Every structure is written in C-alpha cells, then in structure tokens.
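Asks: Handing you this structure, nothing more for now.
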Amino acid sequence: MINVSDGVAQLTLNDPGKRNAINQAMNDDIVAALDELEPDPAIGALVVTGAGKGFCAGADLDDLLAARSTGITRIYEGFLRVAHSPLATVAAVNGAAVGAGMNMVLACDLVLAGRRYARFDSRFLQIGIHPGGGHTWRLRHATDRTTAMAMVIFGEVLAADEAQRTGLAWEVVDDDALLARAHELAARAAAQPKELVARTKATILSLDEIADSAAAVDHELHPQLWSMDQPAFTDLVRRLQSQIASRE
C-alpha cells in the first residue's frame, strides 16, 4: 500500500492477519511500486512500515519452501529492491521485525523504533535455517560483531532501546508519533535535489572500499565537482553573491 505526501512515499506492508509476512505477491508489489516511484521526480524518499501490530513476521513459510525449488533468491526480491534503491529510505518499525522482516529493516538507510512495540529478531537459526539475503553482512555493518553474534547465534531479541544502544536503530519514538517522525526525517531528504541525494547515498554505501585519507578525498572529488555544476548550488552562490554585493 502506497501513500504519497511532501515528496515522501509511504510503503506499508499490508497483510496484518499474518503480521505482514513476506510472500511472493508482496515482493512483486514492492518491486512494482519502486519501479514506479523511483523515476518520479516528485518522490525523493521512502518510508517503510507495517500494517496493524507488526512490522514484518518474516517470509511466508509456504512461499519460502516453494522458493527452495524455483530459486531461493526470489523470496529476497522485495527487501533487496529497497536495499538497492537510490531513494533515501526510512524504516518505521512499529512492531516485531523477524527474519526476513529484519532484512527489510536492514535494507533501509535509517531505522526508527516504536518505543513500546518494536522488536528486532533474527530468528533464522531458531527455525533451523541459515540466514539468507545478506542478513549477516548487513547486520554486522549496522552494529558490531558482538551484537550480530548475540542476535543470530544466541537468539537475542532487541527491544527498541537496545536497538538504539547497539546502533541498529537511530531513534526511539513514541508509537503514536512514529510515522510522523519518520515522515519528518524522510521529507528533509526529499527536499534536497534527488540526484544529489542518490549520489551522496552511493558514496556513503561504498565507503568500505576506502582505506586511507587520499582515497577518501578522491572518492568524493568527482561527485562534489558534479554537484557544483548543478542548479541547487549555482543558484545559491548567485543569491549569496547578490546579497554580498547589495551590502557593499
């Protein structure tokens, strides 16, 4: 389910009877939605949340078993589409995020946790399956080694405050204010030039390739030079120069 305002699209995982477990039909809907939203010049950011009391209870087991024979990566398509999106993305975690639901959380650039109901639960090993979809890599990059081990190997489930403490969540928000806060943050990104946000996000996501100061400077050099030729910067410079000249 998609709602749009202020340049922000809200994507709601909408199967509350199953706590928004991800099935292939939902994956197809997510991919189709992003295919439509990303080229739209009026859309600059995406908020992902869940309908009802849960964020996402993981992969639908019937679809997961079916994917075993048809191609397991099919069940990853929804959250990977979010992970690879050039849009700025915010997860508004309103309830339990379990297994593949954790993957959807980890796919987003920023995570907000509802104070009372948010839960972060890897749970792959607890149902006898190895993590998939890049789960361990994303979790290890979002947190530290100890947290990743505690969640994946030892089955620790994090509440909102614990998620913030470990770096998994940026902010804990009262549940009734969660979507408003997610929209507020997303709207800040959406207010910036869309291509500039996309290029800057790509720069941040590729920082693991950087090993020293010289490489860090070079990594940002070409996108910064590109941005200096764009209207957002050139128009601002002209306005500032005009204001300075008028005061002289």
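Asks: Got at least one residue in region 189-198 being β-branched (Val, Ile, Thr) and modelled with pLDDT of 95 or more?
Replies: Step one: filter region 189-198 for residues β-branched (Val, Ile, Thr), giving 197.
From what's left, modelled with pLDDT of 95 or more: 197.
Yes; the residues of region 189-198 include at least one that is β-branched (Val, Ile, Thr) and modelled with pLDDT of 95 or more.
Asks: I'd like to verify a number: residues in region 1-29 that are part of a helix (DSSP H, G or I) and among the basic types (Lys, Arg), how many?
Replies: Initial filter on region 1-29 (part of a helix (DSSP H, G or I)): 16-18, 24-29.
Still in the running and among the basic types (Lys, Arg): 18.
Matching residues across region 1-29 total 1.
Asks: Please work out if Gly52 is in a loop (DSSP other than H, G, I, E, B) and on the phi > 0 side of the Ramachandran plot.
Replies: Judged against the criteria, Gly52 is a match.
Asks: crowded, with 22+ Cβ neighbours inside 10 Å and at pLDDT below 95, is that true of Phe124?
Replies: It is true that Phe124 is crowded, with 22+ Cβ neighbours inside 10 Å and at pLDDT below 95.
Asks: Output the residues belonging to region 85-103 that are over 22 Å from Asp174 (Cβ atoms), of a type outside the set (Val, Ile, Thr) and either surrounded by 24 or more Cβ atoms within 10 Å (Cβ to Cβ) or touching a residue at least 60 places away in the same chain (Cβ under 8 Å) (or both).
Replies: Pro86, Leu87, Ala88, Gly99, Ala100, Met102, Asn103 - these are the residues of region 85-103 that are over 22 Å from Asp174 (Cβ atoms), of a type outside the set (Val, Ile, Thr) and either surrounded by 24 or more Cβ atoms within 10 Å (Cβ to Cβ) or touching a residue at least 60 places away in the same chain (Cβ under 8 Å) (or both).
Asks: Given the conditions (1) at pLDDT 95 or above; (2) outside any helix (DSSP H, G or I); (3) surrounded by fewer than 23 Cβ atoms within 10 Å (Cβ to Cβ); (4) out of contact with any helix residue (DSSP H, G or I) (no Cβ under 6 Å at 6 or more places or on another chain), and given that Ala32 satisfies all but one, which numbered condition is not satisfied?
Replies: (2)
Asks: Then there's this: Out of region 59-70, which residues are of a type outside the set (A, V, I, L, M, F, W, C) and surrounded by fewer than 18 Cβ atoms within 10 Å (Cβ to Cβ)?
Replies: Asp62, Arg68, Ser69, Thr70
Asks: Has region 50-58 got at least one residue that is basic (Lys, Arg) and either modelled with pLDDT of 95 or more or buried (at least 17 other Cβ atoms within 10 Å of the Cβ) (or both)?
Replies: Checking region 50-58: not a single residue is basic (Lys, Arg) and either modelled with pLDDT of 95 or more or buried (at least 17 other Cβ atoms within 10 Å of the Cβ) (or both).
Asks: Could you identify the single residue in Leu64, Leu106 that is at pLDDT below 95, under 20 Å from Val152 (Cα atoms) and part of a helix (DSSP H, G or I)?
Replies: On the way: Leu106 fails: at pLDDT below 95.
Sole residue among the options that is at pLDDT below 95, under 20 Å from Val152 (Cα atoms) and part of a helix (DSSP H, G or I): Leu64.
The values are calculated or read from the model by the stated rules, or taken from the named source; none is laboratory data. The structure presented is a predicted model; accordingly, all values stated were derived computationally and were not measured. Glycine gets a Cβ as well: all are built from the backbone with ideal geometry, and neighbour counts include every protein chain shown.
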